């Protein structure tokens, strides 16, 4: 689970205070909790392993923008591309 901690540490640089915690729900994903109205982002393990740098850039932008009145978001990898899905 060290890879998740390293990913979250890298993600939080530049957006300090926005991430209030994370939870490794299984060996397949983790959930990042934000300080904005109990919002959460689910991130698949393969995103971290195969597109970590790109995911960090994308997530920082989404966190800075806010999740657009959504309570949660998931980030997955499909055919080598990052896919963002919002959940009400």
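Only the coordinates and a few stated rules stand behind these numbers; no lab work does. Since this is a predicted model, take the numbers as computed values, not measurements. We place every Cβ from the backbone using ideal geometry, glycine too, and count neighbours over all the protein chains shown.
Please arrange 8, 41 by how many other C-beta atoms lie within 10 Å of their C-beta, fewest to most.
In increasing order of surrounding Cβ atoms, one gets 8, 41.
Quick one: 22, 33, 86, fewest Cβ neighbours within 10 Å first, how do they rank?
Least crowded to most crowded, the residues run 86, 33, 22.
Can you tell me the relative contact order of the chain? Whole percent, Cα pairs under 8 Å, sequence separation 6 or more. Walk me through the numbers on the way to the answer.
Working: 130 pairs, mean separation 20.7, N = 88.
Relative contact order, the chain: 23 percent.
If contacts are Cα pairs under 8 angstrom and at least 6 residues apart, what is the relative contact order of segment 1-52 in percent?
Values: 60 pairs, mean separation 14.7, N = 52.
Here the relative contact order equals 28 percent.
Per residue and in cubic angstrom, what volume does the convex hull of the Cα atoms of segment 2-87 have?
Details: hull volume 7.3 nm³, N = 86.
That works out to 85 Å³ per residue.
I want to make sure I understand the PRE zone here: with the label point 7 angstrom from the Cα of residue 84 toward its beta carbon, which residues in segment 50-65 have backbone N atoms less than 11 Å away?
Once the point is set 7 Å along Cα→Cβ of residue 84, 57-65 turn out to lie under 11 Å by backbone N, inside segment 50-65.
Of the DSSP beta bridges with both residues in the chain, give the percent that are antiparallel, rounding to the nearest 5.
Taking every DSSP beta bridge within the chain, about 80 percent pair in antiparallel fashion.
Taking the number of other C-beta atoms within 10 Å as the exposure measure, put 18, 49 in order starting with the fewest.
49, 18
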